[in-house]
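J.: Right, I'll just put the structure down here and ask away after.
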Amino acid sequence: MTAPAFEEFDPESDCDCPGCTHWRRVLPHSGTAGFGGHPAALAPAHALARAGRTPMALALAAATGTVLGAAGAVPAVAAAHAPQRPGASAADDPGTPQGGTAPLHGPGGVPAKVKAPQTTRAEIIDRAREWVVAQVPYDMGAYWSDGYRQDCSGFVSMAWNLGGNEWTGSLDKYGVRVAKGELQPGDMLLFHNPSDPEKGSHVVIFGGWTDYTQSHYIAYELTRPRARRQATPYAYWSNSDRYLGYRYKGLKPEQGTGGTGTGTGTPVTSPATTGYPGAAAFGPGADNAHVTRLGRMLVARGAGRFYSSGPGPRWSEADRRATRAFQQAQGWTGADADGLPGPTTWSYLVHGKGRDVRAASAGGPGSPAKPKPQDGGVTSHGVPGYPGRAAFRPGADNDHVTRLGRQLVRKGFGTYYTRGPGPRWGEGDRRNVEAFQRAQGWRGGAADGYPGPETWRRLFTP
């Protein structure tokens, strides 16, 4: 008797027969035994399934083929099969294969009526944080209770509140390209490798810069083994130069952004890449990411002493005084030094032009009478002078880093040091600072691992 020929196939995505429905459900969980870890079936058995037979019929058909093979006939070897969409583990980091486009809850699910509803940046980050807190495990064949697939693209589909599960090859149609300098929390960084989607393709939610150098940012992502939030080098650990920034098209303006968070974004090809957000983003009542960025740039230019905490997203008198000191350092007077950043002030800060704010004892205009932070001066409260954020960033190498590390150890926050502490800023410093900040009850950007004036004050207060 001639043995029936075996044919290895993927369950067809457009077939609703019980057999294909069954294999689509169990395929990602199949073991490595049998046919090399991939389900195989008899071609006749598939025909039976299309006719309405159950998966049990498939098993019986396969068993029949096994008996026939044992009688002496050798079944044909299953042909090699290369799926057209991501499905196998990629060799490179992050190693996050993903499924294709699918409705909520998988192939048998029902698409949402609204495919791209409006949302806000805060809502995007909140949804991403929910998966991180729940420690949703990475499993490209599983769907979380909200219907989204548990892989990198399903994570972003969830965060953006899309009507279904997209993948790295389709997510870009929901966004508008933005340049690195325009990235804001809720945007995505996407790498899709069209020639080999399984190799390196990945996508994350941008959660904000960790410092003014824009060398690291907070990434929300789903990768092995589970959803996480962590400081990540721009644009990613691997294939960094191939990631592109996108802003969700359905982004709603948020209260207090001065209309700058509308989601249309500035195309990368636009000449307006200096990023000045407009006068409405600054001044009394303003509360947005531009204020934070302004403060961090001012700190980097020597105006850190004006901040007792922060900088943060809410405009304060410290922002006005620091801006005014920078403007006066350029020799500007009158309305040109009113403490509110216009396009020229912003351009000077963004591009590193002009003069820095001079130290207090050097006679800088508007400078309060405090000792030089760079000289390790001590305030009247016995706290060493805060040296500015520029002293604590990737690549920094100075005595302030050593002093910070030793004080962290004294306070009981030296867990992450494998050696030292020493003068060169490292990940151990950042993680120990983050642990100290979290011990103060701070969360989010206030616990990013980079010491600001308030972290410094609390750390060194006797």
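The values are calculated or read from the model by the stated rules, or taken from the named source; none is laboratory data. Model, not experiment: these values are computed from the prediction. Positions of Cβ are backbone-derived with ideal geometry, glycine not excepted, and every protein chain shown enters the neighbour counts. These accessible areas exclude ligands, DNA and RNA; they are computed on the full protein's heavy atoms, side chains included. Shrake-Rupley method; radii C 1.70, N 1.55, O 1.52, S 1.80 Å.
J.: State which residue is farthest from A390 (Cα to Cα) when the search covers only segment 290-347 and only residues that are surrounded by fewer than 23 Cβ atoms within 10 Å (Cβ to Cβ) and β-branched (V, I, T).
T.: Result: T333.
J.: Here's something else I'd like to know. Can you report the number of residues in segment 151-162 which are closer than 15 Å to P103 by Cβ and either open to solvent by 10 Å² or more (accessible area, probe 1.4 Å) or in a helix (DSSP H, G or I) (or both)?
T.: Selection size over segment 151-162: 5.
J.: Please identify the pairs in which a residue from segment 419-442 that is more than 15 Å from Q407 (Cβ to Cβ) and free of Cβ contacts under 8 Å to residues at least 24 places away in the same chain has its Cβ atom under 6 Å from the Cβ atom of a residue that is open to solvent by 60 Å² or more (accessible area, probe 1.4 Å) and in a loop (DSSP other than H, G, I, E, B), counting only partners at least 6 apart or on another chain.
T.: Short answer, once both residue conditions are applied: R431/Y416.
J.: Being modelled with pLDDT of 90 or more and in a helix (DSSP H, G or I) is the filter here, so list the residues in segment 438-454 that pass it.
T.: Those that are modelled with pLDDT of 90 or more and in a helix (DSSP H, G or I): none in segment 438-454.
J.: Here's something else I'd like to know. With the requirement that a residue be surrounded by fewer than 19 Cβ atoms within 10 Å (Cβ to Cβ) and either in contact with a Phe, Trp or Tyr (Cβ under 8 Å, 6 or more places away or on another chain) or part of a helix (DSSP H, G or I) (or both), what does segment 408-433 give you?
T.: Those that are surrounded by fewer than 19 Cβ atoms within 10 Å (Cβ to Cβ) and either in contact with a Phe, Trp or Tyr (Cβ under 8 Å, 6 or more places away or on another chain) or part of a helix (DSSP H, G or I) (or both): V409, R410, K411, E427, R431.
J.: Is it the case that some residue within segment 262-282 is under 29 Å from the mean Cα position of the chain (by Cα), at pLDDT 90 or above and either at positive phi or buried (at least 16 other Cβ atoms within 10 Å of the Cβ) (or both)?
T.: yes
J.: Do you know which residues across segment 131-147 are loosely packed, with under 15 Cβ neighbours inside 10 Å and outside any strand (DSSP E or B)?
T.: Once the filter is applied, which keeps residues that are loosely packed, with under 15 Cβ neighbours inside 10 Å and outside any strand (DSSP E or B), segment 131-147 yields V133, A134, Q135, S145, D146.
J.: Would you call P394 open to solvent by 20 Å² or more (accessible area, probe 1.4 Å), within 26 Å of R301 (Cβ to Cβ) and at pLDDT 85 or above?
T.: Criteria not met by P394.
J.: Hey, could you check segment 183-210 for residues that are modelled with pLDDT under 90 and not in a loop (DSSP other than H, G, I, E, B) and say which is most open to solvent (accessible area, probe 1.4 Å)?
T.: If we take residues in segment 183-210 being modelled with pLDDT under 90 and not in a loop (DSSP other than H, G, I, E, B), then W209 is most open to solvent (accessible area, probe 1.4 Å).
J.: Criterion first (open to solvent by 50 Å² or more (accessible area, probe 1.4 Å), of a type outside the set (V, I, T) and farther than 28 Å from R431 by Cα) does D241 satisfy it?
T.: no
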